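So the structure is just underneath, and the comments pick up after that.
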Amino acid sequence: MEIVEMAARIEAPADVVWSFSGNFGDKTLSRGYVERVEVTGSGVGALRTYHLREEIGKGHVVERLERLDERDRILEYSMVDNGPVPWTGYRGHISVTPAGADACMILIRTQFVPVGIDGAEVAALSRANIGRYFDNLRAAVSAQIAATSGD
């Protein structure tokens, strides 16, 4: 089993960051590795279909929302259809923790078992995607803060 954990400090209140990261159907944070997102249902048990960019793998994967804790800002999900990706047993965890009033820390943990591919290679892909997620999150949060501050 491979486990990838990455964290980042975001210079924005935790509630602002959570408004994106806690939204299971968000379409902005997966830019760069997902072409489009479709969500079926709502709340725990909802399904999210990620239509993958060609360089990730032609096709799609389906994830199910397993936990959504608004109070503690935790979202957990599992992959219920692996599509073309070379792993199984995929689970994800996202948490947002305040770091004072105007900043927060976001933690993303993924775990999976590679199938027919070196674990280090697929872990590197996971790290690259999480890095894109953090970049997309920073851009989305900055745009929202600018829009609400009247800049």
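The values are calculated or read from the model by the stated rules, or taken from the named source; none is laboratory data. Because the structure is a prediction, the values reported are computed rather than measured. FYI the Cβ positions are ideal-geometry reconstructions off the backbone, even for glycines, and counts take in every protein chain you see.
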(message) Just the residues that are surrounded by 20 or more Cβ atoms within 10 Å (Cβ to Cβ), closer than 14 Å to Asn129 by Cβ and more than 10 Å from the chain's Cα centre (by Cα), please, taken from region 16-36.
(response) Val34
(message) I'd like to verify a number: residues in region 49-77 that are over 17 Å from Gly22 (Cβ atoms), hydroxyl-bearing (Ser, Thr, Tyr) and touching a Lys or Arg at 6+ places or on another chain (Cβ under 7 Å), how many?
(response) 0
(request) Kindly indicate whether Arg67 is among the basic types (Lys, Arg) and either surrounded by 15 or more Cβ atoms within 10 Å (Cβ to Cβ) or at positive phi (or both). (result) no
(request) Go through region 57-85 and count every residue that is under 15 Å from the mean Cα position of the chain (by Cα) and at pLDDT below 95. (result) 1
(message) Give me the strands (runs of 3 or more DSSP E) completely within region 72-151, filtered to those with at least 1 residues that are under 18 Å from Glu11 (Cβ atoms), ordered by residue number.
(response) 87-98, 104-114
(message) Quick test of your reading of the structure: Asp102 fulfils all but one of (1) touching an Asp or Glu at 6+ places or on another chain (Cβ under 6 Å); (2) at pLDDT 90 or above; (3) among the charged types (D, E, K, R). Name the failing condition by number.
(response) (1)
(request) Would you check if there is a residue in region 19-27 being modelled with pLDDT under 95, assigned to a strand (DSSP E or B), of a type in the set (Phe, Trp, Tyr) and out of contact with any Pro (no Cβ under 8 Å at 6 or more places or on another chain)? (result) no
